[in-house]
Amino acid sequence: PYGDAIKLYYVLELGCYIHQLMWTEVTRSDALEMILHHIVTITVMFLSWLAGFQRIGSSILLVHDVADIFLESAKCFNYTNKIGGRKWAGIVCDALFGVFAVVFFVSRLVIFPKYMLYSLLHEAPTIFKGAWPGYWVYSVLLGILQILHINWFYFICLMIYRLVTTGIEKDERSDDEEDDETPSK
């Protein structure tokens, strides 16, 4: 009954990830990690669709999407603050970034390993009686995603620490000269 909705979700997500892959800002220090993340996610989507694992595939996509809503919203308010000089937008940006950090932690460092990785590593061998060749492929792909999640959460925490202790708000991944000239709050 949900086949058409999941198919639409997959198509939209595939379009988004291909677009993000094509437009990754290579000047950022984490560009390789972003490219790897997009390639791995596209591969997981493709393989889960071919194997008929759309429920787990769409669950993985949802876990990745939920935090991004708050990050992209925070970016919009950050630009409004910097370009438009609206102080209130900076406050909303900081609040949304805080919500993003919490949601990122819960979705990618609690839910993803507790349910997706656990299911793959502990339940799949039992269900498939250890004779499933895709086990190692999915294990590597989801393992790469988890390593990237841990890496990015470290930088999220570092950014929050710097914001609280020194007031530095610049995204350290950016190598854009324009950001260096923008005055801080």
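The values are calculated or read from the model by the stated rules, or taken from the named source; none is laboratory data. Since this is a predicted model, take the numbers as computed values, not measurements. Using ideal geometry, Cβ is built from the backbone for each residue, glycine included, and neighbour counts are taken over all protein chains shown. Side chains included, ligands, DNA and RNA excluded: accessible areas come from the protein's heavy atoms. Shrake-Rupley method; radii C 1.70, N 1.55, O 1.52, S 1.80 Å.
Give, as ranges by residue number, the residues of the range 87-122 whose backbone N falls under 11 Å from the point 7 Å along Cα→Cβ of TRP132.
The answer is 119-122.
Using a 1.4 angstrom probe on heavy atoms only, work out the carbon and sulfur share of the accessible area of the chain in %.
On the way: 7980 of 11600 Å².
The computed percentage sits at 69.
Given a Förster radius of 30 Å and the C-beta distance between ILE91 and ASP68 as r, what FRET efficiency does 1/(1 + (r/R0)^6) yield to the nearest 0.05? Please report the intermediate quantities before stating the final value.
Numbers: r = 21 Å, r/R0 = 0.71.
After rounding, the FRET efficiency stands at 0.90.
What distance in nm separates the two pseudo spin-label positions at ARG162 and THR43, each 7 Å out from Cα along the beta-carbon direction?
In this crude label model, ARG162 to THR43 measures out at 3.1 nm.
Using the heavy atoms of the protein chains and a 1.4 angstrom probe, tell me the accessible area per residue for the range 81-127 in square angstrom. Numbers along the way, then the final one.
Details: 2690 Å² over 47 residues.
Per-residue value: 57 Å².
Lysine pairs in the chain with Cα distance under 12 Å, only those 8 or more apart or on different chains: how many are there? Don't skip to the end; give the middle numbers.
Values: LYS75/LYS170; LYS82/LYS170; LYS82/LYS185; LYS87/LYS185; LYS170/LYS185.
So the count of such lysine pairs works out to 5.
Using 7 Å Cα-to-Cβ label points, what is the HIS19/GLU123 separation (nm, one decimal)?
If labels sit at HIS19 and GLU123, their model points lie 3.2 nm apart.
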